[in-house]
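Enquirer: Handing you a structure now.
The values are calculated or read from the model by the stated rules, or taken from the named source; none is laboratory data. No experiment lies behind these values; they were computed from the predicted model shown. Please note: Cβ atoms are built from the backbone with ideal geometry, for glycine as well, and neighbour counts cover all protein chains shown. The area values use the complete protein model at the heavy-atom level, side chains included, leaving out ligands, DNA and RNA. Shrake-Rupley method; radii C 1.70, N 1.55, O 1.52, S 1.80 Å.
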Amino acid sequence: MNYFEKIDKDFDNTLNNLTKKFGTLRCIEEQDFDIESLKKYHMRLYVLRELIVVSNVQEDERISQPLNDATSDFIDFIWLLYTGRYKASIASLRNGLDIFARSMIRSLDSSLETNSFSSNVEKVLKNVRVKNEVHLTSNEAKKNHKTFINENFTENMKNLYKELSDFIHGRMRQQIEVAHYLNNIIDFENNQSTDEYNRVINLGVQILETVYSMFLLVNYNKIDENENTYKLNLMIDQINGKFKIYKSQYLS
């Protein structure tokens, strides 16, 4: 069994576990249900967890604890989404993204950490930019490098975080009755909305791609040393995101 067959098997097991616990939901049986995006989300999460292990960053508890918390939030996103808890799934995703950014800045310099997600992201990716531009000889090359990082990673991650926040704050329930509210939460069948599910899962895929990209940007040298080159390139090719382009232009 090759690496991606293992990922596919894990996805099947994940879906089977959800089905056993919550049943096969109406949303999944509808024609417009986007199962491929759920598979993409799962694959990015699976690869991210392996990259974390390979990077050895978990040897430092200051980094390992928030990373574990972040990946737990990304996993919670799956079952919350499955049961129609769309706002809760987005909240879990946003919390995981915030904690992940904190773990990355702690891996560089914990004294730089702030309570601002945007500030933490900017500092992490500025550090990456400065480190990786030392081999660039011209001012134009350095300018292009800065633009690539800012547009494809820094601003993209900040915009996605804002989208998560807007989703949460724009969908506050107004029911006063606690019993009514709880009944709506546990009514899995009637919670389902294919359109809402498709919107949320596609946002989740984008979030995990930015997380995966930032983790590689910060830890690429360690991962490249410890991981099989062929396998690492397979991971990068399969995700096929902005990091693949960045690697070909600035890390090859």
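Enquirer: Of the accessible area of the chain, with the probe set at 1.4 angstrom, what percent is carbon plus sulfur? Walk me through the numbers on the way to the answer.
Expert: Values: 5860 of 13040 Å².
The computed percentage sits at 45.
Enquirer: How much accessible area per residue does the chain have, counting only protein heavy atoms and a probe of 1.4 Å, in square angstrom?
Expert: Working: 13040 Å² over 252 residues.
Spelled out: the 1.4 Å probe surface of the chain, per residue, equals 52 Å².
Enquirer: Another question about this same structure. Computed over the Cα atoms, what is the radius of gyration of the range 36-147 divided by 2.2 N^0.38 Å, N being its residue count? Intermediate results must be reported in sequence, preceding the final value.
Expert: Working: Rg = 16.5 Å, N = 112, 2.2 N^0.38 = 13.2 Å.
Normalised Rg, Cα atoms only: 1.25.
Enquirer: Compute the Rg to Rh ratio over the range 84-127 from the alpha carbon atoms, using the Kirkwood formula for Rh, and round to two decimal places. Write out the running numbers ahead of the final one.
Expert: Details: Rg = 12.1 Å, Rh = 11.0 Å.
Using only Cα positions, Rg/Rh for the range 84-127 is 1.10.
Enquirer: Taking 32 Å as the cut-off for C-alpha to C-alpha distance, list the pairs among 6/126; 40/87; 158/231; 39/162; 126/162 that go past it.
Expert: Working: 6/126 36 Å; 40/87 20 Å; 158/231 30 Å; 39/162 25 Å; 126/162 20 Å.
Checking Cα-Cα distances, 6/126 exceed 32 Å.
Enquirer: Diagonalise the Cα gyration tensor of the range 98-147 and give the resulting equivalent ellipsoid semi-axes, square root of 5 times each eigenvalue, largest first, whole Å. Provide the component values of the computation, followed by the final result.
Expert: Values: eigenvalues 125, 22, 10 Å².
Semi-axes, largest first: 25, 10, 7 Å.
Enquirer: Just order 69-82, 89-102 by mean Cβ neighbour count inside 10 Å, highest at the front, would you?
Expert: On the way: 69-82: 20.2, 89-102: 23.1.
So the order, starting with the most tightly packed, is 89-102, 69-82.
Enquirer: Looking at (i) 15.3; (ii) 12.4; (iii) 13.5, which value of mean projected area of the Cα convex hull in nm² comes from a calculation on the structure shown?
Expert: (i)
Enquirer: Need one number: nm distance between label points at residue 198 and residue 5, each 7 Å from Cα along Cα→Cβ, rounded to one decimal.
Expert: About 3.3 nm, to one decimal.
Enquirer: To continue, here is another question. At a 10 angstrom cut-off on C-beta neighbours, averaged per residue, how do the peptides 16-22, 230-236 rank from highest to lowest?
Expert: 230-236, 16-22
Enquirer: With each pseudo-label sitting 7 Å past Cα toward Cβ, what's the residue 231-residue 165 distance in nm, one decimal?
Expert: Once both label points are built, they end up 3.9 nm from each other.
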